[in-house]
Structure formats: C-alpha cells, structure tokens
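Working notes, structure below.
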Amino acid sequence: MKAVAKAHTNIALIKYWGKRNDELILPMNNSLSLTLDHFYTTTEVQFDERLANDMFIFNGEQASEAESTKISSYLNMVRQYAGVKRNAYVRSINHVPTSAGFASSASGFAALAAASTKALGLEVDKKTLSMLARQGSGSACRSVYGGFVEWEKGNSDDGSDSYAKPILPEAEWDLRVLSVLLESKAKPISSRKGMKRTVETSAFYSGWLKAVDQELAEMKKAIHTKDFERLGEVTEANALKMHATMLGSQPPFTYWQSGTVSVMEEVQQLREAGIQAYFTIDAGPNVKILCLPEDEQIVRDELEKLPAVKGIYGCRPGPGIEYQDY
Ligand SMILES: O=C(O)C[C@@](O)(CF)CCOP(=O)(O)OP(=O)(O)O
C-alpha cells in the first residue's frame, strides 16, 4: 500500500528544552507552539516485501548515508509497532526554504509518522500519531495539530502520557510569524546536543524549570483571551530564558550572532514606536517575529534595512496533518 501525508512546521512559543529520557524523547517541561502554513513536508511511503532494504528520496535526491540510517531506524520503530518486517520506499519533499532557519525535522517526522502508519493500513488516532512523531523528533509531536498546540510532557517512564493536544485552531486567531533569515556563519550545535549539554551542566537550568510552568499558564490565558501583547511578552521572556541556560553551561555556548542581536534591537525599537512585535529564537542564529497582520508590512520594511538580514518569510497559523490522495 502507498500513502502520502503533509505536515507543517511549528514554532515554539514556550520552548521544549531538555529531555528526561533521550531514548524515548521525553521532555523535562511542557511546551506550546504555533503550527505555520507556509512551511511543510510532503512524504510518500510505500511498503513492499520485494525491496531488499529501505529506500529514501529526499528533495529529489538519494538521501545521505546519515539521513538514511536515521529514517531506517525510525521505520524500524514503526514496523515493530505494526508487527511487520517489509522494507519501504520513502519520498519526502521539504517545502521549507532550506536556509530559512525553520527546523524541518518537526514537519519531516510528523509527515513520516502519518504516511508510514497509513501505508501499513493502520488507523491511528491523533494522540498515537503524536507519540509516534515524538519518537522521531520531539517538536514533531506538535505538528499533528494546527494552530496553537501544547505538548504535555507526561510523567510516565514509557512515554504513554507524553503527546500533543490542540489549544486553539488555526482559523481562530490570524497572526503573522516572520522568519528572518540571517547570514549564518558557523554550523550551530544541534538542538539535541545543545539541550543535552544544558541539562547536564547549566547553572541556570533549574531556574528555567522553575519559571516555565508559570509562563505556560500565562500564555494559555493570553491565547484564550486573545491578548496579543501578553502573548508576545511571554514568548520573548521564555526564549531569552532558554538562551540564558546555554550561557550557564559547561562549556558555555550561544546560537546568537551579531545579526541576531541587531534584529532583537530592531524589535525593541519597533515596540518603542508603538508597533507590537515580539521575537523568539530557536537553536540557531535566525529570529522569528510575532506581529499582527496590520503591522506586517512596517515590520518587514524596518527589518529589510538591516545589513545582516538576508530574507524574510511571512507565515500565518497553519493546519495539522493532512493525508493526500494520489
Ligand atoms: O521547538 C522547540 O520547542 C524548541 C527548540 O526548537 C529549541 F531550539 C528545540 C527543538 O528540539 P528538537 O529538534 O525537536 O529536538 P529532538 O527532540 O532532540 O529532535
């Protein structure tokens, strides 16, 4: 059987930063994200007993050795879950401007989880799909739903209570997320490595955990009351706390570059001029800016003046996983 699924990227507003179980990808804290419309992955999966081994075509090319190993071990987990041994043909296309600074692992593993289970004829509910996607990459579990989504960290050792749940559908609040692409020099430390070093060595990690639940509660209140100013304030404060934990790690590290800081300063100046713009930053130098639709153009105009800005991609709240006919 063959199946095709489409999953969108998401941007965390309350960050997932730190695991309590590396193997099952179980987080230390709850996180909350917004699924985006523009950036997505479409993945086709076909299981066929005639295949001698798994085959991957990624963005039209044979996947690298490292990529193939990663996907194959993920498919082994799905095969074990389904009780089958057949190999698979996987064709994935990332509609994410490769350098846009949006990690495509979230949309990639969400689409792979959906297409592989569907290709095996499994009817999995969204909770199960979220738990399967989580085992590919933590943030992928949130892309199962559209709009605002919370990832419940869970407390069990087997991860059976660690999955995403919808908070507010994408059609309910029309915001903008501008992904600002900066000239990035060094290859940042991967989020997986970065969070591991932080959990194991950071002098500030306990402060992160102490603050995050309160910030999450404040953000959920801001979403339910559509208080954009509060949403932005909490988003920015949470991102800064996450990045502060890295500065307290051994050895210390940061993803920020001079261009990152120049965008942060511009956002502060926009607010002083009365424009409601707020930033968040993930495991890389690029910055994502939250603003209201009516302010998108002025925010773009000001950011484009910055020498470090190489591109700006505008996104709106996007949908959850979709299966495609073929
Ligand atoms: O997205 C967020 O909540 C915050 C971050 O982007 C901050 F940078 C981390 C995402 O980590 P991910 O790539 O999911 O890690 P994995 O589970 O080790 O694969």
Considering the zone a paramagnetic label at Ile312 would reach in this model (a point 7 Å from Cα along the Cα-to-Cβ line), which residues of the stretch 227-266 have amide N under 20 Å from it?
229, 232-233, 236, 257-266
Leaving ligands, DNA and RNA out of it, report the carbon-plus-sulfur percent of the accessible area of the stretch 206-287 at a 1.4 Å probe.
54 percent
Return, for the Cα atoms of the stretch 176-315, the radius of gyration and Dmax in Å, separated by a comma.
15.5, 43
Send over a whole-number figure in Å² for the accessible area per residue of the stretch 2-172, probe 1.4 Å.
39 Å²
Could you give the length gained on full extension between Ser156 and Asn76, defined as 0.36 nm per residue of separation minus the Cα-Cα distance, in nm?
26.5 nm
Taking a probe of 1.4 Å, how large is the accessible area per residue of the stretch 176-315, in Å²?
46 Å²
Selection from Ser206, Thr69, Leu112 lying farthest towards where the dipole of the chain points positive, charges on Cβ
Thr69
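Cross-link list Lys2/Lys118; Lys187/Lys305; Lys153/Lys226; Lys70/Lys193; Lys70/Lys288; Lys6/Lys196: which exceed 19 angstrom alpha carbon to alpha carbon?
Among Lys2/Lys118; Lys187/Lys305; Lys153/Lys226; Lys70/Lys193; Lys70/Lys288; Lys6/Lys196, the Cα-Cα distance tops 19 Å for Lys187/Lys305; Lys153/Lys226; Lys70/Lys288; Lys6/Lys196.
Using 0.36 nm per residue, how much length does the chain from Arg50 to Ser64 gain when fully extended, once their Cα-Cα distance is taken away?
Difference between extended and current length: 2.8 nm.
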Over the stretch 42-86, with every protein chain in place, what whole percent of the accessible area is carbon and sulfur at 1.4 Å, could you tell me?
48 percent
By average Cβ neighbour count within 10 Å, what is the ranking of 114-126, 283-295 from highest down?
283-295, 114-126
On a 0 to 90° scale, report how tilted helix 258-272 is relative to the longest principal axis of the chain, with both axes built from alpha carbons and the result rounded to the nearest 10.
60 degrees
Pairing the Cα long axis of helix 105-119 with the longest principal axis of the chain, what angle in degrees results, from 0 to 90 and rounded to the nearest 10?
30 degrees
All other residues with a Cβ under 9 Å from the Cβ of Ala88 taken together, and with Lys, Arg as +1 and Asp, Glu as -1, what is their net charge?
0
Given the -39500 (n - 2.57) contribution per DSSP H run of 4+ residues, what per-residue ellipticity at 222 nm results for the chain, rounded to the nearest 500 deg cm²/dmol?
-11500 deg cm²/dmol
Estimated distance in nm for a label pair at Glu123 and Thr201, the labels positioned 7 Å out from Cα along Cα-to-Cβ
5.1 nm
Nearest 10 degrees is fine. How inclined is helix 228-247 to the longest principal axis of the chain, computing both from alpha carbons?
80 degrees
Ranked highest first by average number of other Cβ atoms within 10 Å, how do 170-182, 34-46 line up?
34-46, 170-182
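The values are calculated or read from the model by the stated rules, or taken from the named source; none is laboratory data. From a predicted model like this one, the values you see are computed outputs, not experimental measurements. Neighbour counts run over all protein chains shown; Cβ positions are idealised from the backbone, glycine included. Note: areas computed on protein heavy atoms with side chains; ligands, DNA, RNA excluded. Shrake-Rupley method; radii C 1.70, N 1.55, O 1.52, S 1.80 Å.
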